[in-house]
Structure formats: C-alpha cells, structure tokens
1. Counting just the residues of the stretch 85-126 that are over 17 Å from the mean Cα position of the chain (by Cα) and open to solvent by less than 50 Å² (accessible area, probe 1.4 Å), which one comes out farthest from GLU61 (Cα to Cα)?
2. Specify which of the listed residues (ARG138, ARG165) is open to solvent by 10 Å² or more (accessible area, probe 1.4 Å), farther than 21 Å from CYS18 by Cβ and more than 11 Å from the chain's Cα centre (by Cα).
3. On the basis of being within 17 Å of ASP26 (Cα to Cα), of a type in the set (D, E, K, R) and more than 15 Å from the chain's Cα centre (by Cα), does ARG68 make the cut?
4. From the list ALA39, ALA48, which residue is of a type in the set (A, V, I, L, M), closer than 20 Å to ALA106 by Cβ and over 20 Å from the mean Cα position of the chain (by Cα)?
5. Within the stretch 6-16, is even one residue surrounded by 20 or more Cβ atoms within 10 Å (Cβ to Cβ), at positive phi and in contact with a Cys (Cβ under 7 Å, 6 or more places away or on another chain)?
6. Which ones in the stretch 36-63 are more than 23 Å from VAL128 (Cβ to Cβ), of a type in the set (Asp, Glu) and either part of a helix (DSSP H, G or I) or open to solvent by less than 30 Å² (accessible area, probe 1.4 Å) (or both)?
7. List the helices (runs of 4 or more DSSP H) inside the stretch 89-187, counting only whole elements, that have at least 1 residues being under 25 Å from VAL29 (Cα atoms) and aromatic (Phe, Trp, Tyr).
8. Residues that are farther than 30 Å from MET1 by Cα and at pLDDT below 95: does the stretch 23-40 have at least one?
Amino acid sequence: MRRCADCGCWEYGGAPDCARCADLVDRIVQDGWRDFLRAWSGTAEPSAEEERAIAEMVVEEPDRHDWRIVDGALDRLSCADCGSTLGRGPRGCPPCDLADGFRYSAIETDRPNVHPRNEHAVRVGVSVVRAGHRYSARALLGWRLGLPFVLDGFLPSTAQAQAMRARINDGATYDDLADLWSLPGSS
C-alpha cells in the first residue's frame, strides 16, 4: 500500500474528494467492464449504441455477471427519474434505489490469496466510495479507511470492524484512524 501523492490518504482512501483516488476506485470497475466487452463483443470500445445495449442486457440479469461488470453496466445507463448514473442518484429515487439493490445480486469471486469474502468487502467499499452521497458520513469514512486495506487482501474481524465503527461514532477522523490497520511494509 502507498500514500496518494495528491491527498496523503492511503491510495483509494481519498475518494470521492481526491480525483486521483476516485480515478483509482473507478478503474476497479472500468477495467472489469472493458475486459467483459472484449470477451463479449471482441472490442473494448464498441459503438455507443452497442455498449448501451450490452449494458441494458447485463442490468436485466445481474446475477449472471461479476459485480464489476454490473457496476460498469450501470455506469453506462441514466436514471429516467433523476438523470443521474443509474444506481448512483440520490437516496429516495426509486429507480436508483432499485438498481443499487440489484447490484448486490451479482457474482462475487474472491481473488486468489485473499481471505474468503474479501471480494464482498471490496465490492461494498467500492460501491460506498463511488456514491458517497448515498451513505452517511460515518459509513463513507469507514469505507475510505477500510477499502485500501481490503484491496490489499486484509479482511478485518468483526471485532476489529466494530472497534473502528465505535471510534468513528465517537468522532474519530480519517487522520485519527488512518494507521489503525497498518500492514507490515506499508508506507
């Protein structure tokens, strides 16, 4: 793990406010989407119409695709009610709330050499950090702190996660907790 040269947080942890960290988080989804497009259509850059049709197909059957593909598909669709990226509009927008819920029916395949269920943590962290306005400031802070570590393969125990949450609830800031789970070799 490294510190972001732009914001000083652990890389990924400065999102959504740090553009560099936000780009790193977005790339987790976008790289998965581009790989899927290459496999599905033979190109990572189909026409806009083809890409939208593929995205609509994926969103109709999220349980048949990896979560990165589902999130990438949602990124290509707009909400008919609020005009935001589908699933990332304000809480209370019915189509966005529905799409945000259905995203969790997608497949989560753990990466090699990480704790079982680590991929679920990555997926939740990415979802929260990419749409921080849909979550409480405390939840967003928790995932800004945790996402860099789960991407590195760490999965906190329930007790560790609860201890961090209690400190956040007591008013701890990112700076107060940034080294809570520091790993050997992290700089």
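The values are calculated or read from the model by the stated rules, or taken from the named source; none is laboratory data. Everything numeric in this text was worked out from a predicted model, so none of it was measured. FYI the Cβ positions are ideal-geometry reconstructions off the backbone, even for glycines, and counts take in every protein chain you see. Remember, those area values only see protein heavy atoms, side chains included, never the ligands or the DNA or RNA. Shrake-Rupley method; radii C 1.70, N 1.55, O 1.52, S 1.80 Å.
1. Here the answer is VAL114.
2. Selected residue: ARG165, the only one of ARG138, ARG165 that is open to solvent by 10 Å² or more (accessible area, probe 1.4 Å), farther than 21 Å from CYS18 by Cβ and more than 11 Å from the chain's Cα centre (by Cα).
3. For ARG68, the condition - within 17 Å of ASP26 (Cα to Cα), of a type in the set (D, E, K, R) and more than 15 Å from the chain's Cα centre (by Cα) - is not met.
4. One residue alone meets the criteria, ALA39.
5. Step one: list which residues in the stretch 6-16 are surrounded by 20 or more Cβ atoms within 10 Å (Cβ to Cβ), which gives 9-15.
Subset that is at positive phi: 12.
Adding the requirement that they be in contact with a Cys (Cβ under 7 Å, 6 or more places away or on another chain) leaves 12.
Yes, some residue in the stretch 6-16 is surrounded by 20 or more Cβ atoms within 10 Å (Cβ to Cβ), at positive phi and in contact with a Cys (Cβ under 7 Å, 6 or more places away or on another chain).
6. Passing the criteria: GLU49, GLU50, GLU51, GLU56, GLU60.
7. Because the criterion is at least 1 residues that are under 25 Å from VAL29 (Cα atoms) and aromatic (Phe, Trp, Tyr), the helices (runs of 4 or more DSSP H) in the stretch 89-187 that meet it are 94-102, 137-151, 174-177.
8. So far as the stretch 23-40 goes, yes, one or more of its residues are farther than 30 Å from MET1 by Cα and at pLDDT below 95.
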